[in-house]
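The values are calculated or read from the model by the stated rules, or taken from the named source; none is laboratory data. Being a predicted model, the structure only gives us computed values, none of them experimental. Ideal geometry is used to build each Cβ from the backbone, glycine not excepted, and the neighbour counts take in all protein chains shown.
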Amino acid sequence: MDKVVVQGGWWLNRIRIRFGKTLLEQFYNVYIAKEGDDGVSHIGEPVRMVPYEDYHTNPPPTLELSPDALQYIMNDLWNMGFRPTNEVGTSGHLGAMKEHIKDLRFVIERMFDKEVPIER
């Protein structure tokens, strides 16, 4: 078995989610464990897909997580080097802010009939 490098990991309400990757693989593994009331640790098994034909109702969730748990997951993925692929987050917000500032500068210049200097 290849050595698994596990990154991240945290406990929240006795549930632990960790991410791991074997050194030669391209995919990450997700490990979920829970400490039971009896002191015994339980681990999540691989997800198995089953047929679902009732398209008019919502199926039960595969996994239910609190907002705190999702925040931990986002932080762990960020710390592992993952970034959003669309215009969300720091680079997207920065670009939007620059455009907004340009628009405001244009409005002010029109209102006062005066060019607004750019300070750096």
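A quick yes/no check of all residues on (1) among the β-branched types (Val, Ile, Thr); (2) in contact with a Cys (Cβ under 9 Å, 6 or more places away or on another chain); (3) in contact (Cβ under 8 Å) with a residue 12 or more places away in the chain:
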| residue | (1), (2), (3) |
| --- | --- |
| 24 | no, no, yes |
| 29 | no, no, yes |
| 34 | no, no, yes |
| 42 | no, no, no |
| 55 | no, no, no |
| 73 | yes, no, yes |
| 85 | yes, no, no |
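On inspection, residue 44 qualifies as modelled with pLDDT of 80 or more, surrounded by 10 or more Cβ atoms within 10 Å (Cβ to Cβ) and small (Gly, Ala, Ser).
Could you please find all residues in segment 48-92 being more than 14 Å from residue 17 (Cβ to Cβ), aliphatic (A, V, I, L, M) and modelled with pLDDT of 85 or more? 49, 50 - these are the residues of segment 48-92 that are more than 14 Å from residue 17 (Cβ to Cβ), aliphatic (A, V, I, L, M) and modelled with pLDDT of 85 or more. Of all residues in segment 21-44, those satisfying the criterion of being farther than 19 Å from residue 69 by Cα and among the acidic types (Asp, Glu) are 25, 37, 38.
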